[in-house]
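The block underneath contains the structure these notes are about, expressed in structure tokens.
The values are calculated or read from the model by the stated rules, or taken from the named source; none is laboratory data. None of the values given here were measured: they were computed from a predicted structure. When we count neighbours, we look across all protein chains shown, and the Cβ atoms used for this are built from the backbone with ideal geometry, even at glycine. Keep in mind that these areas ignore ligands, DNA and RNA; they rest on the heavy atoms of the full protein, side chains included. Shrake-Rupley method; radii C 1.70, N 1.55, O 1.52, S 1.80 Å.
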Amino acid sequence: MQRIKQLNAWFSYDCPVNIPDSPVMTIPFLFTQETGREEVGIIREHIHSAPFYPGSDSTIEENQSFRYVIFAPAGISRFNRAVIMLHGLNERSWSKYLAWAEDLVLNCGIPVILFPIAFHMNRTPENWYTPRWLQPWLNRRKQEIKNLVNASFANVALSSRLTASPLRFFSSGMESAFNLNQLVREIKEGKHPLFREDAGVDFFAYSIGALLTQVNMMADVDGYLKDSRLFAFCGGSVFERMNGNARDIIDQEAYNTIRSYYLNDFLNKEFYENTRETNSGLLFETAFKNMIPSNDASGIRQVFFAGAKDRIKMVSLKQDVVMPTIGLQEAVGVKLSDHMLEELDFSYPYSHQVPFPENGKVSESEIRESFRAVFDRAASFLV
């Protein structure tokens, strides 16, 4: 717990930091969207504005140009490999991930890129996570929706936006997929100052970040991910089994809205055509649709995972109700689940959102043992 506090105190989006008493440093970089604007714009033509932001999602500047931070071994100018770390739904802080990133750098010897999903972390206006500004919007939502369950300051912004238009989950996911694609391309083509040309790119993905990675790997629009590996922690489930109904994710109304939409209407829609000059959007759309239902009727999902069975490892937690193990088993199929998936359980009360609690109620030794159970597996797989 002490280490987490220290890393949070040193973390900066503004300047490089040499972490005291550690061979690790953090380096911020600026990312500006260059690809996928037209494709994402096609989807946003069908999206209703949120009550507290009347403009289009495409006008939010913080989401289009933002900083991300890389944890890297100190003293090396350019690297042959990278691990991209992706987070969960409705997260505003990298706090719990900082120790994860440092540990992977120390044990793998390669940089870890903390990359934010669209409209998460530092990619939204500041007032979207300011309680005083959100208070009237939370009150209004509770008045408009009777018996609303799990409404909170933490999730009112995302819940309101998804309820106004459930298609926003897809448009934001598509934008994130293009962003990730652009980052990988910059690395592979030698355009990133920290990496050599054709550097290897792997992923450590948590929660919804694992779905984003699976979609990118399945679509592989540039052919750059054919050798990439994914270590998924508490993630990798089919959409149908995900349950984000929680005070720190989305409220019940938003959850019911997106679940109904994506299991029914969305699967029958087509946003892109094969006749387009670029089919990147179509590839991402198709990959996402293949990750929605529990039943893999077409068999396409199983073909993908069979081909990637040695490049993907997933670790689930027995008490996780947000990303339950059965959802991961259904994603890869029964035949592959024993090879690709491992379910762990810890000796203390935990949750999907807080696998390593810092509440002082669990001994440091228990937390350390559980942390090592996950991250020794991750380092062994990604090294």
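For the reader, a short list of remarks on this structure follows.
- Label zone of Glu45 (point 7 Å out along Cα→Cβ, amide N under 18 Å): in region 154-184 this covers 167-168, 170-172, 174-175.
- Protein heavy-atom surface of region 226-366, 1.4 angstrom probe: 47% of the accessible area is carbon and sulfur, with nucleic acids and ligands not counted.
- q = 0.18, 0.25 Å⁻¹: log10 I(q)/I(0) that the Debye formula gives for region 104-191, counting C-alpha atoms only: -0.90, -1.26
- Remark: the Cα gyration tensor places region 245-332 in the oblate category, a/c being 1.5 or greater and a/b not exceeding b/c.
- For region 1-65 versus region 158-221, the inter-centroid distance based on Cα atoms is 13 Å.
- Label point 7 Å beyond Cα of Ser95 along Cβ direction - residues of region 147-162 with amide nitrogen under 12 Å: none
- The candidate values are (1) -0.21; (2) -0.25; (3) -0.30; the one derived from this structure for log10 I(q)/I(0) by the Debye sum over Cα atoms at q = 0.06 Å⁻¹ carries the label (1).
- Rounded accessible area per residue of region 62-124, 1.4 Å, Å²: 25 Å²
- Rg to Rh quotient for region 278-373, alpha carbon positions, Kirkwood Rh: 1.09
- With all protein chains in place and a 1.4 Å probe, the accessible surface of region 71-113 carries 50 percent carbon and sulfur.
- GluC sites (Glu not before Pro) lying in DSSP loop within region 1-84, provided at most 14 other Cβ fall within 10 Å: Glu34, Glu45
- Computed from the C-beta positions of Tyr13 and Lys146, the FRET efficiency with R₀ = 35 Å rounds to 0.30.
- With each label modelled as a point 7 angstrom along the Cα→C-beta vector, the Lys269-Gln135 pair spans 3.6 nm.
- Our analysis of region 208-249 gives Rg over Rh at 1.07, with the two radii drawn from alpha carbon positions and Rh computed by the Kirkwood formula.
- DSSP-defined antiparallel bridges as percent of all bridges, the chain, nearest 5: 40 percent
- Gain in span if fully extended, Arg67 to Asn243, counting 0.36 nm per residue against the direct Cα distance: 60.4 nm
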